[in-house]
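Let me begin by presenting the structure, written as structure tokens, before commenting on it.
Computed from the coordinates by the stated procedures, all read-outs in this text should not be read as laboratory data. The structure presented is a predicted model; accordingly, all values stated were derived computationally and were not measured. Neighbour counts are summed over all protein chains in view; Cβ atoms, including those assigned to glycine, are modelled from backbone coordinates with ideal geometry.
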Amino acid sequence: MTKSSSSHPLRVLEDDAGSLSPPSALSSASAPASSSSLSASGPAKTTVLLCNVGTPDAPTTTAVRRYLREFLSDPRVLDMNALGRFLLLHLVILPFRPAKSAAAYRTVWTAAGSPLLVHTQGLAAAVARALPDARVRVAMRYGNPSLRDAVDELGRDGTQRVVIVPLFPQYASATTGSALAEAFALLGRLPVVPSVSVVPPFFGDDGFLDVVADRVRAATAGFAFDHVLFSDHGLPVQQVQKTATGGHACGGDDDSGCCARLHAGNASCYRAQCLATTRGLVARLGLAPGGFSTSFQSRLGRARWLAPSTEDTIVALAKAGKKRLVVACPSFVADCLETLEEIAERGRELFVAHGGEDLKMVPCPNDDPRFADLIAGYVRATGALSASPASTASSWVSSPSSSLAAPEVERVGAA
């Protein structure tokens, strides 16, 4: 392992020829823009958009159906032909799934509302305090507060520069890709299009890994565990394979061995990035071989998904004699239905039902002050807070100003 000389939060990869280059998909963009509701008084020249997937407006069947219709109509989410997607959504999913999902949401809904929204709003407030010269706004890809509403404000508040922060540590077409595609489409319709910078995936950034590792330590203090499971959100294998370059094709499971090391061919591979996050956390936590594993949760439909599944892994660990299991979800930055209900509730029940004694879920970064400072640092690294609108995009790549420690570079073919 070698260190990159860049101070940029983007993980840089070294190919066989020894040339260093960032993954091209998420550098800086000269396209669209945005606005915000949290900032210093007066017009702000820069707006920061914190983008997450989204959440229903209420834990009711009607609200969940409305949310699922928008979410699952996205061709980047249900990656199939338009007719097949329409039939699956309207004949199979929407008639039955909303009531079941609404019941699950009710088990985690708080007096303040959806956990995902509450935590993201808390993060936005903390980032705004760290960036007094910018407006910071929550912009959900689906549901409210929406990305569309955030863009609608731009023409009214004098925003000159926009920094889009996809709150997804690892890149996936269905998350980061969808959020950026929609943002660019909406921003491109404005009469005056501000300059735009994008914070890239931070799955291997030292600061992010340190925050998550500290969350694991805090959650497990006094909890004598015998295994740590890193559960990431699942994806269909065909979606992941479409991000391959240079002839690489993700095999989708541990047997393929294709994601064991980052290289130029899998730089944008979601599974490879998830495993890189696991390696970074394992190193920080000092976990021994055999004392940890990685799995993928939240499967939908009959397509082949990334493996192993979290559900199968939890059962297998219990049957193998593991009694006290810790589950961290490092592809999520805010606790939501998938962490609070799928892991902390159903996951624990599943573990105990098959012989385990207890399962402890590690809270996501949420609005942890250190995580907020980290996001603020990523924003500063784009140069958008200091550069003129015309030079924002190019300055981010050519002369990064981040004070964050540079992430590690994995040398392809190195011993």
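Between rounded, prolate and oblate, where does the range 66-217 land on the alpha carbon gyration tensor, with a ≥ b ≥ c its root eigenvalues, rounded for a/c under 1.5, else prolate if a/b exceeds b/c? Judged from the Cα gyration tensor, the range 66-217 comes out oblate (a/c at least 1.5, b/c at or above a/b). Neighbour counting of Cβ atoms within 10 Å sorts the residues Glu341, Glu357, fewest neighbours leading, into Glu357, Glu341. Rg over Rh for the range 61-108 works out to 1.01, both radii taken from alpha-carbon positions and Rh defined as the Kirkwood radius. In a fully extended conformation the segment linking Leu300 and Thr62 would gain 83.6 nm over its present Cα-Cα distance, using 0.36 nm per residue. Annotation: amide H of Lys360 within the under-5 Å range of Leu325, Val326, Val327, sequence separation 5 or more or interchain, hydrogens built in the peptide plane.
Charges on Cβ only, +1 for Lys and Arg, -1 for Asp and Glu, centred on the Cα centroid of the range 270-317; of Leu300, Gly280, Tyr270, which one is farthest towards the dipole's positive end? Working it through, the farthest residue towards the positive pole turns out to be Tyr270. Once the Cβ-Cβ distance of Asp373 and Leu91 is raised to the sixth power relative to R0 = 45 Å, the FRET efficiency obtained is 0.40.
3J(HN,Hα) couplings calculated from phi for the range 293-302 with the Karplus curve 6.51 cos²θ - 1.76 cosθ + 1.60 (θ = phi - 60°) are, in sequence order, 7, 10, 9, 9, 10, 6, 5, 9, x, 9 Hz; Gly and Pro show x.
Here the Karplus relation 6.51 cos²θ - 1.76 cosθ + 1.60, evaluated at θ = phi - 60°, turns the backbone of the range 50-63 into coupling constants of 8, 9, 10, 5, x, 7, x, 6, 7, x, 10, 4, 5, 5 Hz, with x for every Gly and Pro. Across the range 245-340, the mean sequence separation of Cα contacts (distance under 8 Å, 6 or more residues apart), normalised by length, yields a relative contact order of 22 percent. Dividing the convex hull volume of the alpha-carbon atoms in the range 206-361 by its residue count gives 114 Å³ per residue.
Close amide-amide hydrogen proximity is noted between Leu306 and Leu235, Val237, each under 5 Å apart and 5 or more residues distant or on a separate chain (H modeled in the peptide plane; Pro and chain starts excluded). For Phe292, the residues whose modelled amide H falls within less than 5 Å of its own, excluding neighbours fewer than 5 places apart on the same chain, are Val228.
With each label modelled as a point 7 angstrom along the Cα→C-beta vector, the Asp226-Asp254 pair spans 1.7 nm. Our coupling estimate for the range 67-84, obtained by passing each phi through the Karplus curve with A = 6.51, B = -1.76, C = 1.60 and θ = phi - 60°, is 5, 5, 4, 5, 4, 7, 7, 6, x, 7, 8, 9, 7, 8, 5, 4, 5, x Hz, Gly and Pro reported as x.
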